[in-house]
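The values are calculated or read from the model by the stated rules, or taken from the named source; none is laboratory data. Computed from a predicted structure; not experimentally measured. Because the Cβ atoms are built from the backbone with ideal geometry, glycine has one as well, and the counts that use them run over all protein chains shown.
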Amino acid sequence: MTFKPEELAGPVEMSDAEALWYSGKWIDRVPQWVSVTVLGLAMLGIWWLIAELEFVSRILLPGPAETFEELWDTTKNIVSGGHIAEGLWITTQEVVWGFLLAAFAGFVLGVVVGETRLGKRAVMPYLVSFNALPKVAFAPVFVAWFGFGVNSKIVMATFIAFFPVIVDTAAGMLAADDDTLMLFKSMESSRWQTLRKLKLPSALPFIFAGLKTAAVFSVVGAVVGEYLGGGHGLGELIRFSAQTLRIDRVFALIVYLGVIGLLLFGLVAWAERKLLFWHKSEIFEIQGTG
Amino acid sequence: MIESTDSVDRAGQQPRPVNDEVVRITGLSKTFHKRGLNALDDVDMTLRHGTFTSVIGPSGCGKSTLLKIMAGLIPASSGEILLNGVEVTGPRQDIGIMFQQPTLLPWRTSLENVLLPIEIRSGSAAAQERSADALQLLELVGLGGFDQVRPFELSGGMAQRVAICRMLVTGPAILLLDEPFGALDELTREYMNVELQRICRERDATSFMVTHAIPEAVFLADQVFVMSARPGRIATIVDVDLPRPRTLDMMTTPEFGALVRRVRHELNMGIGEGGEE
Ligand SMILES: Nc1ncnc2c1ncn2[C@@H]1O[C@H](COP(=O)(O)OP(=O)(O)O)[C@@H](O)[C@H]1O
Ligand SMILES: [Mg+2]
């Protein structure tokens, strides 16, 4: 299925079998927050060293200190409602609209594709092949169709975020097992009842996996759209900063792009936890911490 | 599709009153055309009210197919099934079914799972009205107080007991069980067998259970149908006249041992025949 960034975060429990191979390693005796912090500091150190030794020009690679200083200036600009705040707001709108449209269209069409014979047999192969295309390559087409304004950015975000939702939703529609489907048939369940009471709830883990990917992809879509020019969003500011060799500002703006993506992702993950309290992944979490 | 001469013949052989019959199957055959596979061939049987029938046979001989046809889930190729005198042409409220997996909906509580068949057939309001019955059923299977628990908190045996309640809640005339305890460990399984016997006796149920464990087949049954493979047919019926209620201790008696040996022998004969064809 699609990749799950949350697997990169949070405490990682080892299975007993895994422990057989790794037991006694020092890394397991150190609390996780310590190893994460140490590695982070080490990477900052390497960055600082490379910048300090000027392997590349200071202008092309600003050090951590300049970058954090710029991040602070950027933050002040945002808080005081400056032009970066405006850019942040524009990009946030593009991302959120792109995500919502992709989530809605992807969900509805995914259910149709996964639920109908025609969808499963004829549409699904196209979806899977289309999904393998480098979708950012379509960005200029959308600019041609929808102009340089906000619309082409929203369409691009929707376009990229749509695929993981429709593919995962369609796959999720097949998640209910044969015996349970038999059981529903034995209860004379109508197609609509089976959909509502069995197939959709069974598909939720898949749908959320798709939505989480979409949350990340919609940021990618919006920024790619902005890179082609015309807007006033963060992507445009990044493009301009890079052209004027303000790499420190590029880095600071990318941090804010990350914040948009993480907030959206976090919101979806939160909704997932609320709705999927019964699912295996959540249950292990409950038992693991409880 | 009724072979009238055959049913007349059989009626002549069996002097019992007709109203005692819950299920009557005549000349039932099933061919899976896609694979040209003759899964069931000319199966005849009668299930009497309040009796327990075990079905045993080599894997792939058509036991599950027979059960699904009886449940109206898949159509027969030929032959007839009467349930309480009415031909089975599709799923019916008076047919209860249960599989090897509990097939509980993990997002529903035990109570909501038990009420599912009512909810599907008659709506949420009707299901709500029947909660008292459902709670009583949970009590009957020893799950009193577990009504608000979700499946992930239940052991395999407990989950199957919830599935039993869900099967019973519509008050079915026949219980169809497809290897219901096949996924449980041996001790839980024996315990569940005793429980199932108790529940069936208490409800005066007519039951038809597929199993692949000979002692389990004998322990629960009034009659054991031994099936042979390719084509699937009922090769022999072994009557089990051990007194009820049966206890686990009875499984060590010579009488029980003799019945187990008899079923095993018939089973081997059937497999031998199948192999030669
Ligand atoms: N839907 C189906 N289509 C084609 N063949 C089937 C189908 N269902 C079962 N079969 C075949 O019919 C035979 C009997 O299957 P089944 O009733 O499941 O056996 P059992 O439950 O006795 O192990 C097997 O050979 C199986 O492969
Ligand atoms: Mg089977």
message = Name the single residue that is nearest to B:ARG261 (Cα to Cα) among those in the range B:56-73 being touching a Ser or Thr at 6+ places or on another chain (Cβ under 7 Å) and within 14 Å of chain A (Cβ to nearest Cβ).
response = B:ALA71
task = Could you tell me whether the range B:241-251 includes any residue that is over 30 Å from B:PHE32 (Cα atoms), more than 16 Å from ligand 2 (Cβ to nearest atom), among the basic types (Lys, Arg) and within 17 Å of the chain's Cα centre (by Cα)?
result = no
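Going by what's in this entry, would B:THR31 be described as β-branched (Val, Ile, Thr), more than 16 Å from ligand 2 (Cβ to nearest atom), farther than 13 Å from B:ILE174 by Cβ and touching a Leu at 6+ places or on another chain (Cβ under 9 Å)? It would help to see each step written out before you state the result.
Numbers: β-branched (Val, Ile, Thr): yes; more than 16 Å from ligand 2 (Cβ to nearest atom): yes; farther than 13 Å from B:ILE174 by Cβ: yes; touching a Leu at 6+ places or on another chain (Cβ under 9 Å): yes.
So B:THR31 passes the test.
Being within 20 Å of A:TYR256 (Cα to Cα) and not in a loop (DSSP other than H, G, I, E, B), is that true of even one residue in the range A:18-40?
Yes: the range A:18-40 contains one or more residues that are within 20 Å of A:TYR256 (Cα to Cα) and not in a loop (DSSP other than H, G, I, E, B).
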query = When the range B:205-252 is examined, which residues are found to be more than 15 Å from ligand 1 (Cβ to nearest atom) and small (Gly, Ala, Ser)?
reply = B:ALA205, B:SER207, B:ALA221
ask   = Quick one: A:ALA144 ticks every box in (1) free of Cβ contacts under 8 Å to residues at least 60 places away in the same chain; (2) under 30 Å from A:GLY235 (Cβ atoms); (3) surrounded by 21 or more Cβ atoms within 10 Å (Cβ to Cβ); (4) among the small types (Gly, Ala, Ser) bar one, so which box is it?
value = (3)
request  = For the range B:34-49, name all the residues that are outside any loop (DSSP other than H, G, I, E, B) and more than 10 Å from ligand 1 (Cβ to nearest atom).
outcome  = B:ASP41, B:ASP42, B:VAL43, B:ASP44, B:MET45, B:THR46, B:LEU47, B:ARG48
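Within the range A:255-272, does at least one residue satisfy the condition of being of a type outside the set (Phe, Trp, Tyr) and more than 29 Å from A:LYS135 (Cα to Cα)? Lay out the reasoning, then the answer.
In the first step, residues of the range A:255-272 are kept if they are of a type outside the set (Phe, Trp, Tyr); the result is A:255, A:257-264, A:266-269, A:271-272.
Pick out the ones that are also more than 29 Å from A:LYS135 (Cα to Cα) and you get none.
No.
Being assigned to a loop (DSSP other than H, G, I, E, B) and of a type in the set (A, V, I, L, M, F, W, C) is the filter here, so list the residues in the range B:176-205 that pass it. Step through it out loud before you land on a result.
Going residue by residue through the range B:176-205, those that are assigned to a loop (DSSP other than H, G, I, E, B) are B:179-185, B:204-205.
Result: B:PHE181, B:ALA183, B:LEU184, B:ALA205.
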Number of positions in the range A:200-231 that are of a type outside the set (A, V, I, L, M, F, W, C), surrounded by fewer than 23 Cβ atoms within 10 Å (Cβ to Cβ) and in a helix (DSSP H, G or I) = 4
query = Has the range B:79-93 got at least one residue that is of a type outside the set (D, E, K, R), in contact (Cβ under 8 Å) with a residue 40 or more places away in the chain, in contact with a Ser or Thr (Cβ under 7 Å, 6 or more places away or on another chain) and away from ligand 2 (no atom under 16 Å from the Cβ)?
reply = yes
task = All but one of (1) away from every other protein chain (no Cβ under 14 Å); (2) in a helix (DSSP H, G or I); (3) over 15 Å from the mean Cα position of the chain (by Cα) hold for A:MET182, so report the exception by its number.
result = (1)
note = Those residues of the range B:206-250 which are surrounded by fewer than 19 Cβ atoms within 10 Å (Cβ to Cβ), assigned to a loop (DSSP other than H, G, I, E, B), touching a helix residue (DSSP H, G or I) at 6+ places or on another chain (Cβ under 8 Å) and at negative phi amount to B:ALA213, B:LEU242, B:ARG244, B:PRO245, B:ARG246, B:THR247
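Could we say that A:LEU237 is more than 14 Å from every other protein chain (Cβ to nearest Cβ), assigned to a helix (DSSP H, G or I), crowded, with 22+ Cβ neighbours inside 10 Å and touching a His at 6+ places or on another chain (Cβ under 9 Å) here? If you could, list the steps in order and put the result at the bottom.
Numbers: more than 14 Å from every other protein chain (Cβ to nearest Cβ): yes; assigned to a helix (DSSP H, G or I): yes; crowded, with 22+ Cβ neighbours inside 10 Å: yes; touching a His at 6+ places or on another chain (Cβ under 9 Å): yes.
So A:LEU237 fits the description; yes.
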request  = Report, by residue number, each residue of the range B:175-203 that is within 16 Å of ligand 2 (Cβ to nearest atom) and touching a Leu at 6+ places or on another chain (Cβ under 7 Å).
outcome  = B:LEU176, B:ASP178
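Quick grid of which residues meet (1) at pLDDT 95 or above; (2) surrounded by fewer than 19 Cβ atoms within 10 Å (Cβ to Cβ); (3) away from every other protein chain (no Cβ under 11 Å):
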{"site": "B:ASN113", "(1), (2), (3)": "yes, no, no"}
{"site": "B:ILE120", "(1), (2), (3)": "yes, no, no"}
{"site": "B:GLU139", "(1), (2), (3)": "no, yes, yes"}
{"site": "B:LEU143", "(1), (2), (3)": "no, no, yes"}
{"site": "B:GLU153", "(1), (2), (3)": "no, yes, no"}
query = Of all residues in the range B:155-169, which are buried (at least 18 other Cβ atoms within 10 Å of the Cβ) and assigned to a loop (DSSP other than H, G, I, E, B)?
reply = B:VAL169
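For the range B:50-68, name all the residues that are assigned to a strand (DSSP E or B) and within 7 Å of ligand 1 (Cβ to nearest atom). Give the derivation first.
So the first thing to find is which residues in the range B:50-68 are assigned to a strand (DSSP E or B), and the list is B:52-56.
Across the range B:50-68, there are no qualifying residues.
For the range B:17-25, indicate whether the set of residues that are more than 30 Å from A:SER189 (Cα to Cα), modelled with pLDDT of 85 or more, more than 16 Å from ligand 2 (Cβ to nearest atom) and of a type outside the set (Lys, Arg) is non-empty. Full working, then the answer.
Initially, the range B:17-25 is screened for residues more than 30 Å from A:SER189 (Cα to Cα), giving B:17-20.
Filter once more, so that each one left must be modelled with pLDDT of 85 or more: B:20.
From the residues that got through so far, the ones that are more than 16 Å from ligand 2 (Cβ to nearest atom) too are B:20.
Keeping just the survivors that are of a type outside the set (Lys, Arg) gives B:20.
For the range B:17-25, residues more than 30 Å from A:SER189 (Cα to Cα), modelled with pLDDT of 85 or more, more than 16 Å from ligand 2 (Cβ to nearest atom) and of a type outside the set (Lys, Arg): present.
Looking at B:ALA76, is it part of a loop (DSSP other than H, G, I, E, B), more than 16 Å from ligand 2 (Cβ to nearest atom) and away from chain A (no Cβ under 14 Å)?
Details: part of a loop (DSSP other than H, G, I, E, B): yes; more than 16 Å from ligand 2 (Cβ to nearest atom): yes; away from chain A (no Cβ under 14 Å): yes.
When the stated conditions are applied, B:ALA76 passes them.
Being away from every other protein chain (no Cβ under 14 Å) and crowded, with 16+ Cβ neighbours inside 10 Å is the filter here; which residues of the range B:85-111 pass it? Break it down stepwise before answering.
If we filter the range B:85-111 for residues that are away from every other protein chain (no Cβ under 14 Å), which is where we start, we get B:85-87, B:111.
Across the range B:85-111, the qualifying residue is only B:LEU111.
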key: Unique residue being at negative phi, away from chain B (no Cβ under 14 Å) and surrounded by fewer than 16 Cβ atoms within 10 Å (Cβ to Cβ) when the list is A:ARG191, A:ARG117, A:ARG196   = A:ARG117
